[in-house]
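Trainee: Just passing along the structure, written as structure tokens.
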Amino acid sequence: MLLWWHADDQRLSGRAREAMERPGAALYFSAASIWELAIKQARGKLEMPGSLLDTLAEEKIEELKISSAHALRAGGLAHHHRDPFDRMLIAQAQVEGMTLLTGDGQCAAYDVALLW
């Protein structure tokens, strides 16, 4: 299972793209990422397709909702990373046993499987 986050200024590595395109790969997009993207769009820092949720559904990328277990884990993480959205993604990957697709080097300070 792969938890995908694609920051607007980063490109996927060949390894990450291959993992995402592998037949049967389970891809998830966090509600935290959608929240962060919506904030960036509202501030005029990002343009998104008309219906991001429809696009994700068409691509067979499932939404990973934020649970209480995710929130508790995120709140208890060491403060290596200050971005609350990234901390939530780390917590979700830890709780769900997922690999986090991210190019953010600060995430490597946590006990979480990373791929980029």
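Trainee: Between a residue in region 63-82 that is assigned to a loop (DSSP other than H, G, I, E, B) and any residue that is of a type in the set (A, V, I, L, M, F, W, C), which pairs come within a Cβ distance under 6 Å, given they are 6 or more apart or on different chains?
Mentor: 65/31; 66/31; 80/109
Trainee: I'd like to check something: does region 50-71 contain any residue that is farther than 22 Å from residue 19 by Cα, in contact with a Leu (Cβ under 6 Å, 6 or more places away or on another chain) and buried (at least 18 other Cβ atoms within 10 Å of the Cβ)?
Mentor: Checked against the condition, which is being farther than 22 Å from residue 19 by Cα, in contact with a Leu (Cβ under 6 Å, 6 or more places away or on another chain) and buried (at least 18 other Cβ atoms within 10 Å of the Cβ), region 50-71 yields no hits at all.
Trainee: Considering 11, 17, which residue is among the basic types (Lys, Arg), under 16 Å from the mean Cα position of the chain (by Cα) and assigned to a loop (DSSP other than H, G, I, E, B)? Talk me through it step by step, then tell me what you get.
Mentor: Numbers: 17 fails: assigned to a loop (DSSP other than H, G, I, E, B).
Just one listed residue meets the conditions, 11.
Trainee: Conditions first: (1) modelled with pLDDT under 90; (2) over 27 Å from residue 71 (Cα atoms); (3) small (Gly, Ala, Ser). Residue 38 passes all but one, so which condition is the exception?
Mentor: Going through (1) modelled with pLDDT under 90; (2) over 27 Å from residue 71 (Cα atoms); (3) small (Gly, Ala, Ser) one by one, residue 38 breaks only (2).
Trainee: For region 90-110, give me each residue that is modelled with pLDDT of 95 or more and either assigned to a helix (DSSP H, G or I) or loosely packed, with under 14 Cβ neighbours inside 10 Å (or both).
Mentor: 90, 91, 92, 93, 94, 95, 96, 97, 109
Trainee: Criterion first (surrounded by 13 or more Cβ atoms within 10 Å (Cβ to Cβ), part of a helix (DSSP H, G or I) and out of contact with any Ser or Thr (no Cβ under 9 Å at 6 or more places or on another chain)) does residue 39 satisfy it?
Mentor: Details: surrounded by 13 or more Cβ atoms within 10 Å (Cβ to Cβ): no; part of a helix (DSSP H, G or I): yes; out of contact with any Ser or Thr (no Cβ under 9 Å at 6 or more places or on another chain): yes.
In short, no.
Trainee: Here is a further query. Considering only region 93-112, I want to know if a residue exists there that is touching a Ser or Thr at 6+ places or on another chain (Cβ under 6 Å), under 23 Å from residue 13 (Cβ atoms) and without any contact (Cβ under 8 Å) to a residue 24 or more places away in the chain. Steps first, answer last, please.
Mentor: Of region 93-112, the ones touching a Ser or Thr at 6+ places or on another chain (Cβ under 6 Å) are none.
No: zero hits.
The values are calculated or read from the model by the stated rules, or taken from the named source; none is laboratory data. Please read all numbers here as calculations on a predicted model, not as lab measurements. As a convention, Cβ positions derive from the backbone with ideal geometry for all residues, glycine included, and neighbour counts pool all protein chains shown.
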